[in-house]
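Notes to accompany the following structure.
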Amino acid sequence: MSAVNLATLGAGFGDIALGSQSVFRSVLSAFSYPGRSVAVVSDAEVPDISRSASAAVLLALLDAQTPLWLSAGLVNTGAAAWLRFHTGCTLVDSPEQAQFVWAAHLDELPDASQLCAGTDVNPEFSVTCIIDVASLSTLAQDHAWELTGPGIKDKAYLTIEAVAPSSRARFLQQQQARQALFPRGVDIVLATAQGIVGLPRTTQISPSGA
Amino acid sequence: MLQAYDSTVASLPLTRPLWMALLARAPIAMLEEALHAHAQLTPIWLRRPETGLMMVEGRTGGTGQRFNLGEVTVTRCALRLPHANGQTASDSGVVGVAYVMGRIAKQAKLAAIADALLQDPAQASWVQSQLIEPLRLHLGQLEAQRCTDAASTKVEFFTVAREAGSGNEGDEE
C-alpha cells in the first residue's frame with residue numbers, strides 16, 4: 001500500500017452526517033425517478049480528476065465494507081487516495097469482487113459478465129455502477145433512449161452525449177441483456193458535473209422509435 | 001518488524017515517527033501551554049477528531065507469539081493549518097495527523113497542530129525547543145519514576161542447595 005500524499009488531499013464533507021445525508025437523498029431521488037436529472041450539492045473538495053457529482057456520491061455511499069473497483073483512468077489517481085482516506089473502502093483489482101464500480105468518462109466498462117448481479121435469493125448483493133459522463137440530456141430528441149418502468153409516469157428520455165455511438169450501443173445492449181436477469185441486475189448512476197441520473201435495474205431501455 | 005518509536009532518549013534524531021510518538025503521549029496541559037496562540041487556531045479539517053477502538057497486541061517476553069492484549073480507545077484526526085496571514089486557502093500545504101490514546105478530541109487536535117508545525121521548516125525549531133524538548137524530559141522522568149517504583153518491588157529468588165553430607169538421611173525417609 002503506497003503512502004498517501006496528504007498534502008494534496010481534499011477535505012471531505014464539512015459535516016459528515018448532514019453532507020452524506022443530503023447526497024444520499026439525491027441518490028434516492030435519482031433511483032426513485034429514473035431518467036430524471038437530480039442535482040447533487042456537496043461541500044466536499046472532490047478530486048481534480050473528476051469535477052463531477054460521482055465523487056460526492058461515492059463519498060456518501062462507501063464505507064469500510066464496500067469494495068470499490070476503479071476504471072483504468074482512475075486507478076492510482078488522487079481520486080482513489082481521496083476515497084480511501086475518507087471512506088476507508090477497499091480498492092479491488094477485479095470487478096467481480098466489487099460492490100461499487102466507478103468508471104471515468106470514456107473509460108471502458110467491465111464486461112457485463114464480470115459484474116456481480118446478486119443472486120435470486122439476495123438480489124441486493126449486486127454491484128452499483130457510478131459512470132461519469134461529460135453531458136447528458138433528458139429531452140425527447142433524435143436518438144434518445146426511451147425509458148419506461150417503475151417511477152416513470154409515461155416515458156422518460158435519455159441521451160448520453162459526447163460518447164461514440166458504438167459504445168452507446170454497447171451500453172444499451174448490456175442493459176437490455178441484464179433485464180432478463182431480473183430480480184438480479186445492476187443499478188447504474190450516470191454522473192455529470194452537477195447532477196446524476198439513476199438507471200435502476202427495473203428501468204426498461206429501448207432505442208427511440210422502437 | 002519491531003521498531004521502538006517510544007524512546008525518550010534525546011540523542012536520537014527527531015524524525016516524524018519519533019515526534020508523533022512523543023506527541024501521542026503528551027499531556028494536554030503541556031500541549032496547550034507550548035502552542036499558545038496556535039492552540040486557538042481553527043484548522044481546516046481533513047478528518048475531524050473521531051474516536052474508535054484499536055486492538056493492542058503483545059508478545060510474551062517481547063519475543064513470543066503475538067496475543068491480543070486488549071482494546072484501547074484511540075482518537076485520531078487530520079488537519080491542515082490555515083495560512084499565518086489569515087487566509088484559509090486549502091493549499092496552505094502541510095497536513096498534521098495525530099493518533100492519541102483516549103477520547104479527548106482537543107488533545108488529538110493539539111497534537112496534530114504540533115505535527116503540522118514540526119513539518120514546516122520555518123516553525124520546526126521553536127516547536128522543538130518549546131514542546132518536544134520539555135516533553136522528552138517529562139516523559140523521561142515518568143519512565144525513570146516508573147522504573148524506580150518497579151525496582152523497589154524486586155524480589156530476589158534463590159534456592160537453598162541441600163546440604164551435602166550425612167548421605168543416609170534421604171534414604172531413610
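Computed quantities for the displayed model
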quantity	calculated
Cross-chain or 6+ apart pairs with Cβ under 8 Å, the range A:153-168 first and touching a residue at least 60 places away in the same chain (Cβ under 8 Å), then small (G, A, S) and not in a strand (DSSP E or B)	A:A156/A:G35; A:Y157/A:G35; A:Y157/A:A140; A:Y157/A:A144; A:Y157/A:S208; A:L158/A:G35; A:L158/A:A144
Identity of the residue in the range B:55-93, within 14 Å of chain A (Cβ to nearest Cβ) and at pLDDT 90 or above, that ends up surrounded by the most Cβ atoms within 10 Å (Cβ to Cβ)	B:L79
Condition met for A:L199 (of a type in the set (A, V, I, L, M) and either crowded, with 17+ Cβ neighbours inside 10 Å or modelled with pLDDT of 90 or more (or both))	yes
Unique match (being farther than 18 Å from A:P207 by Cα, acidic (D, E) and modelled with pLDDT of 90 or more) among A:D111, A:D187, A:D107	A:D187
Candidates B:T148, B:T153, B:T159, filtered to the one that is at pLDDT below 80 and either β-branched (V, I, T) or buried (at least 17 other Cβ atoms within 10 Å of the Cβ) (or both)	B:T159
Selected residue (criterion: nearest to the other protein chains (Cβ to nearest Cβ)) from residues of the range B:33-54 that are surrounded by 15 or more Cβ atoms within 10 Å (Cβ to Cβ) and closer than 19 Å to B:L137 by Cβ	B:L35
Close pairs from the range A:9-26: first within 13 Å of another protein chain (Cβ to nearest Cβ), partner among the hydroxyl-bearing types (S, T, Y) and in a helix (DSSP H, G or I), Cβ under 8 Å, at least 6 apart	A:F13/A:S20
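The values are calculated or read from the model by the stated rules, or taken from the named source; none is laboratory data. These numbers come from a predicted model, not from an experiment. Cβ: placed from backbone, ideal geometry, glycine included. Neighbour counts: every protein chain shown.
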